[in-house]
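Participant: Please read through the structure below; I'll follow up with questions.
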Amino acid sequence: MKNNRIALLGAPPCPNYVIGVKGEFPMKEYEIESIGELIVMKRRDLKMSQDDLAAECKITRKAMSNIETGKSLPSLPVFEKIAQALGMDGSELYKEIEDLGLIGDLFRDEKEE
């Protein structure tokens with residue numbers, strides 16, 4: 001079974017977290033159970049609102065909300081835009097998702113947009 005925990009500095013409280021200390025900054029370790037949760041954690045770590053992330057990705061806030069809550073999955077082009085808005089490229093975000101064991105059915109068909 002993959003280890004699906006991730007540590008973020010200053011991340012907001014969430015179920016299944018453990019607080020540790022690294023230097024002067026509290027480290028919170030979260031059990032990430034979905035791609036949407038990972039996106040939310042990274043967005044909040046960057047102090048971005050959902051509206052800001054949606055605008056950078058050129059999708060509606062509702063579409064971003066659906067991705068973050070797991071109601072829908074991003075198409076490949078939207079996935080790439082999300083990664084870029086979070087300061088990484090698509091392959092880096094994909095690698096994190098893979099390392100957390102969350103690959104599954106990552107992308108939906110673009111026809112469904």
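Participant: For SER75, enumerate residues with amide H under 5 Å from its amide H, sequence gap 5+ or separate chain, H modeled in the peptide plane.
Facilitator: When sequence neighbours closer than 5 places are left aside, the close amide H contacts are ARG108.
Participant: Continuing with the same structure: Taking neighbour counts of Cβ atoms within 10 Å as a proxy for exposure, in what order, fewest first, do SER91, SER34 appear?
Facilitator: SER91, SER34
Participant: Just to confirm a number: summing +1 for Lys and Arg and -1 for Asp and Glu over residues other than VAL40 whose beta-carbon lies under 12 angstrom from that of VAL40, what do you get?
Facilitator: Numbers: positive: LYS42, ARG43, ARG44; negative: GLU33, GLU37, ASP45, GLU68.
So the environment of VAL40 carries a net charge of -1.
Participant: Using a basic spin-label model with each label point 7 Å from the Cα along Cα→Cβ, how many nm lie between ARG44 and LYS58?
Facilitator: Once both label points are built, they end up 3.0 nm from each other.
Bear in mind that the values in this text are calculations on the coordinates, not laboratory data. Small disclaimer: the values here were computed from a predicted structure and weren't measured. When we count neighbours, we look across all protein chains shown, and the Cβ atoms used for this are built from the backbone with ideal geometry, even at glycine.
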